[in-house]
1. Would you please classify the overall shape of the stretch 1-77 from the alpha carbon gyration tensor, given that a ≥ b ≥ c denote the square roots of the eigenvalues, rounded means a/c under 1.5, and beyond that prolate means a/b larger than b/c while oblate covers the rest?
2. Report the paramagnetic label zone for Glu156: residues of the stretch 203-226 whose backbone N is under 18 Å from a point 7 Å from Cα along the Cα-to-Cβ axis.
3. What FRET efficiency comes out for Ala89 versus Asp182 if R0 is 45 angstrom and r is the Cβ-Cβ distance? Round to the nearest 0.05.
4. Ratio of Rg to Rh for the stretch 106-223, alpha carbon only, Kirkwood?
5. Which whole-number percentage describes the relative contact order of the stretch 1-40, with Cα contacts under 8 Å and a sequence gap of 6 or more?
6. Given a 1.4 Å probe and the protein chains all in place, what does the accessible area of Thr184 round to, in Å² to the nearest 10?
7. Only Lys, Arg, Asp and Glu count, each charged at its Cβ (+1, +1, -1, -1), so figure out the dipole size of the chain about its Cα centre, rounded to 20 debye.
8. Distance from a point 7 Å along Cα→Cβ of Arg240 to each backbone N in the stretch 9-38: keep the residues under 16 Å and list them by number.
Amino acid sequence: CGVAGLAVTRGSLPTAGVTPLAPELDTLGFFAATVADLATARAALDGRAPDPAPTTAPRLLAWDGTDVGAVTPGMRATHADAVARARAAGADVAAFDDDLRAATADHRTLMAAGAAASVPAHPDLGPHLRALLAEGRAIPPDALAAARARTAVTREEVLARLADADAVLAPGALGAAPVGLDATGDPAMSRPWHVLGLPAVALPGPRAPDGLPRGLQLVGHPAREEALLGVARWLEAALRA
């Protein structure tokens, strides 16, 4: 949406007082003008000063998202350009080729089932939410258990990849922000990382020819959220150079 955003590591901040959707997946986040502002806001909640931006180039894994969604040509070009700029600025960039299709589908399953269990039916609910609740009520218990089991396995696999890398660089969405206020767009690029409970930082990218913004994201290890914000500040500067 043309600004920076942070989805914190699931469970790192309390959600008391927040209206739940799917408590198993719900987490908190921030929007701000820049990544530095995100770091300031996040640090303030822990009562500390934000960490400085790193002075060394990061180790990144590049994922273009095309295995789980119809990423537009414009977004693919934006992502490729970001990878090239990161490399030009000194980053070590390797490919992230883990299969995230099951995680993407399992996110939908867990979200629908969680929403059906936590959101009370009400005539004023919108059509998209009503459809999600109906979908969740129809999910059998064994399918829900299988989704949780697969997610646990995928999480361990992705954490192993992040043991030797600072972040995954990915498209923030399938394309530019949608026109109007009816919807926020397809969340396919967020689903696999969200179901795994990983922190993610959104960065503004170049705008599409019609002026609507495209965004990128960095996804990090849940034990290194502060470092992820530092990597995002580094990439933000590299993209502006």
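1. Numbers: a/c = 2.07, a/b = 1.20, b/c = 1.73.
Cα axes put the stretch 1-77 in the oblate bin.
2. Only 222-223 pass the distance filter.
3. Working: r = 38 Å, r/R0 = 0.85.
My answer for the efficiency is 0.75.
4. Checking Rg against Rh, the ratio lands at 1.03.
5. For the stretch 1-40, the relative contact order is 54 percent.
6. In the full protein context, Thr184 sits at about 140 Å².
7. 200 debye
8. 32-38
The values are calculated or read from the model by the stated rules, or taken from the named source; none is laboratory data. Keep in mind the model is a prediction, meaning the values are calculated, not measured. A quick note on method: Cβ atoms are made from the backbone with ideal geometry, for glycine too, and the neighbour counts reach across all protein chains shown. Keep in mind that these areas ignore ligands, DNA and RNA; they rest on the heavy atoms of the full protein, side chains included. Shrake-Rupley method; radii C 1.70, N 1.55, O 1.52, S 1.80 Å.
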